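As C-alpha cells, the structure follows; a few thoughts come after it.
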Amino acid sequence: MYGLGIAKGMWVTLQHFVDTYIQDAQYLFRSHKYRSSKLLERQGPKNARGLFTVEYPFEKLPMAENLRILPFLVYNSGTGQERCTSCGICAKVCPPQCIWIVRGTDPETKRPKPEPVEFTIDATICMSCGYCAEFCPFDAIKMDQNYEMGAYDRWSDLVLTKDKLMKPDTYHYQIHPSAKEAEAANIAKSERAKNR
Amino acid sequence: MGIKPPERAEYIRIIMAELTRVMNHLAFCGFLTNEMGAFFTPFIYAFEERELILDLFEMASGSRMMCNYFRFGGVVRDVSDEFMSRLKYLVYERLPKKTDEMEQLITTNEIVRTRSIGVGVLKPQDAIALGAAGPLLRASGVKYDVRKADPYGIYDRFDFDVVTGKNGDVYDRYLVRIGEIRQSLKILRQCLEQMPASGEIQTGKKQYQARVPAGQAYGRVEAPKGELGFYVVSDGSPNPYRYHVRATGFINLGTLETMSVGGKIADAIITLGSIDTTMGEVDR
C-alpha cells in the first residue's frame, strides 16, 4: 500500500515524541534535577530515552577520569615542593611543540638545579594529546579537566605561565582518584632527584 | 618493526574500530536524510547513539573524537569494568534495536525510495577505474573489503560477511551501510565472547620515538569510509623521510562527476551525501 512506509516512519517519530514527555515528567519533581552526581542515572545508557541532553550551565555531567583538556603541573600541597625536575621530556615529546622550559641554576654553585624557573604552555597551540602526562617519568605533569577556558586575550589569558600551571596534588587526586597508588614510586624518584 | 601487540590489546583495538564504524554509518543515515530534506530529525536520532558511543571513547581514551588511543605494540591504557558493562549493554541490547528503528524510519519510506533508487548510479567498472573503496565500491557490486581481502590485526578470526549492493545507486549505498552496521555488531559480539578477561595491553616499553629501520612500508585498514592507507619512507632517522596518506574522502569524491553528469541538480546533492566524504580529508 502506498504511504505505508511513511506511516511506519512517522510511528517511530511519534514514539520518540512521547518518550520525550515521559522522560520530562519523570524528572520534573525530582530533587536531583540539577545535581551532577545523580545525572548519570538519567544519562547513562540504560535510561537514555527521549531527550537526554543536559541543561548545560545549570547541569554539568561528571567528567570521565581519563578526560584530557590541558596540562598542569603538580606540587606537594604539604611541603610546597614541585614534582617537576625540568628534565625536558615533555617539551621533547610534545607534537606541536608548545612547552617551553627554562632550567633553574643554583645561585651559589652556578650548577643547574632540578627545578624549572619558567614553564610555559601555550594553550592555543596545545592539542590535548596527553603525551606529556604519559611520558613524564616523575608524574609531575598531568591533564586537567577544566573545559571552561573562554578568554578575551591570548597573551595574558591563554599563554599559561608557571604560576598558573601549578596546582596542588590534592586537586590532582580529586580528579584522578585511581592515580594515588600508581604514582608513589615515581614521586619518590622525583624527590630523590631533587635531594641529590 | 616486528612488534606484536598482546591478545587483549588486539581485541580492544577491534572493539574501538568497529564502534567507530557503527557510529559513522548511523550518522551517515542522518546526514543522507538531511540532504533529502528530512531536516535533522533522523539525524538527531542517529546522534543519540553516537553520543553514547563517544562517551565510551571518552572513558577509555580521554577524548571524544581525537582518541589517540593506539600505540606501537598496544593501546594506551586498559578499559575499565564500567566500560565493559556499558559496551555489553550497547552491543547486545541498544544498538541492534536502534538499527532496526533507523531502518523502519528510512528503508521503506516512499519519499526516500523515489528520491534515491536509480539516482547517482556508479557502474562497477567505473568504480574500480576511479579507485573508489569502502561502501561506495561495495554498493556497486564489487565484493572487496580490506578486512577480508588482506586481513590485518585479528580480523581473520571473526565470522562476518561482506555486504554488497546490486545497482550502485544511492539507495544501495544506504542499504550496504545498514548491513555493515549489523555485521559490525556481529563482530563486536564475537569479540566480547572471545576477549580475555585481563592481561597485558602493551608489548615492551612505551616509546615516544620509534626507531624505524630504513626502507618503505604501506599499511592499509578498512576505515568506515573506505580504504585508508599510510605510506612511509624511512631513512633510518627518527623522522620519516616521506609520508603519504591515502585519504578515503578525497579519492571517493572523485567519483562524483561520473555519478552526477546527466542527472538533476537536486540529485547531485544526494549523490554527494551518499559518498559520505569529510571535507577535512579533501582539503589537502
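With respect to A:ILE89, is the statement that it is closer than 27 Å to B:SER63 by Cβ, within 14 Å of chain B (Cβ to nearest Cβ) and not hydroxyl-bearing (Ser, Thr, Tyr) true? So A:ILE89 passes the test. Of all residues in the stretch B:117-130, those being modelled with pLDDT of 90 or more, open to solvent by less than 30 Å² (accessible area, probe 1.4 Å) and of a type in the set (Gly, Ala, Ser) number 1.
Of all residues in the stretch B:73-86, at least one satisfies being within 30 Å of B:PRO213 (Cβ to Cβ) and part of a strand (DSSP E or B). In the stretch B:205-225, the residue that is modelled with the highest pLDDT out of those that are assigned to a loop (DSSP other than H, G, I, E, B) and either in contact with a Cys (Cβ under 9 Å, 6 or more places away or on another chain) or farther than 20 Å from B:TYR69 by Cβ (or both) is B:ALA214. Would you check if there is a residue in the stretch A:60-82 being more than 9 Å from chain B (Cβ to nearest Cβ), surrounded by 18 or more Cβ atoms within 10 Å (Cβ to Cβ) and at pLDDT below 75? The answer is no, given that none of the residues of the stretch A:60-82 is more than 9 Å from chain B (Cβ to nearest Cβ), surrounded by 18 or more Cβ atoms within 10 Å (Cβ to Cβ) and at pLDDT below 75. If you check B:ASP100 against the conditions, is it open to solvent by 60 Å² or more (accessible area, probe 1.4 Å) and either among the charged types (D, E, K, R) or more than 10 Å from chain A (Cβ to nearest Cβ) (or both)? Answer is yes for this residue. Exactly one residue out of B:VAL91, B:VAL112 is out of contact with any Lys or Arg (no Cβ under 7 Å at 6 or more places or on another chain) and either within 11 Å of chain A (Cβ to nearest Cβ) or assigned to a loop (DSSP other than H, G, I, E, B) (or both), and it is B:VAL112. Within this structure, B:ARG13 fails the test of being more than 10 Å from chain A (Cβ to nearest Cβ), within 16 Å of B:LYS98 (Cα to Cα) and surrounded by fewer than 22 Cβ atoms within 10 Å (Cβ to Cβ). When the stretch B:226-235 is limited to residues that are closer than 20 Å to A:PRO95 by Cα and open to solvent by less than 40 Å² (accessible area, probe 1.4 Å), the one that is modelled with the lowest pLDDT turns out to be B:SER234. Across the stretch A:113-158, the qualifying residues are those that are in contact with a Gly (Cβ under 7 Å, 6 or more places away or on another chain) and more than 12 Å from every other protein chain (Cβ to nearest Cβ), and the one among them that is farthest from A:ASN186 (Cα to Cα) is A:VAL117.
Within the stretch A:159-176, residues that are within 18 Å of A:ASN66 (Cα to Cα) sit with their Cβ atoms under 8 Å from residues that are modelled with pLDDT under 90 and part of a helix (DSSP H, G or I), at 6+ positions apart or across chains, in these pairs: A:HIS172/A:ALA179; A:TYR173/A:ALA179; A:TYR173/A:LYS180.
Yes/no per residue for (1) surrounded by 20 or more Cβ atoms within 10 Å (Cβ to Cβ); (2) within 14 Å of chain A (Cβ to nearest Cβ); (3) modelled with pLDDT under 90:
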| site | (1), (2), (3) |
| --- | --- |
| B:PRO5 | yes, no, yes |
| B:PHE28 | yes, no, no |
| B:PHE31 | no, no, no |
| B:PHE40 | no, yes, yes |
| B:ALA46 | yes, yes, no |
| B:GLY62 | yes, yes, yes |
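Any residue at all in the stretch B:183-200 that is within 30 Å of B:GLY262 (Cβ to Cβ) and out of contact with any Leu (no Cβ under 7 Å at 6 or more places or on another chain)? No, the stretch B:183-200 has no match at all.
Would you check which residues across the stretch A:139-157 are open to solvent by less than 60 Å² (accessible area, probe 1.4 Å), in a loop (DSSP other than H, G, I, E, B) and either in contact (Cβ under 8 Å) with a residue 40 or more places away in the chain or closer than 25 Å to A:ASN76 by Cα (or both) and list them? Passing the criteria: A:ASP139, A:ALA140, A:ASP144, A:GLN145.
Conditions tested, residue by residue: (1) over 26 Å from B:LYS166 (Cα atoms); (2) more than 14 Å from every other protein chain (Cβ to nearest Cβ); (3) open to solvent by less than 40 Å² (accessible area, probe 1.4 Å).
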position	(1), (2), (3)
B:GLN207	yes, no, no
B:ARG211	yes, yes, no
B:TYR218	yes, yes, no
B:PRO224	no, yes, yes
B:PRO238	yes, no, no
B:ASP276	no, yes, yes
B:ASP283	yes, yes, no
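Filtered by the rule that a residue be modelled with pLDDT under 90 and surrounded by fewer than 12 Cβ atoms within 10 Å (Cβ to Cβ), the stretch A:96-122 gives A:ASP106, A:PRO107, A:GLU108, A:THR109, A:LYS110, A:ARG111, A:PRO112. Can you report the number of residues in the stretch A:124-133 which are without any contact (Cβ under 8 Å) to a residue 40 or more places away in the chain and either more than 15 Å from the chain's Cα centre (by Cα) or within 18 Å of A:SER178 (Cα to Cα) (or both)? So the count comes out to 2. Residues in the stretch B:67-87 that are charged (D, E, K, R) and either surrounded by 19 or more Cβ atoms within 10 Å (Cβ to Cβ) or facing chain A (nearest Cβ under 10 Å) (or both): B:ARG71, B:ARG77, B:GLU82, B:ARG86.
The values are calculated or read from the model by the stated rules, or taken from the named source; none is laboratory data. From a predicted model like this one, the values you see are computed outputs, not experimental measurements. Backbone-built Cβ (ideal geometry, glycine too); neighbour counts: all protein chains shown. Only protein heavy atoms, including side chains, enter the accessible area calculation; ligands, DNA and RNA are left aside. Shrake-Rupley method; radii C 1.70, N 1.55, O 1.52, S 1.80 Å.
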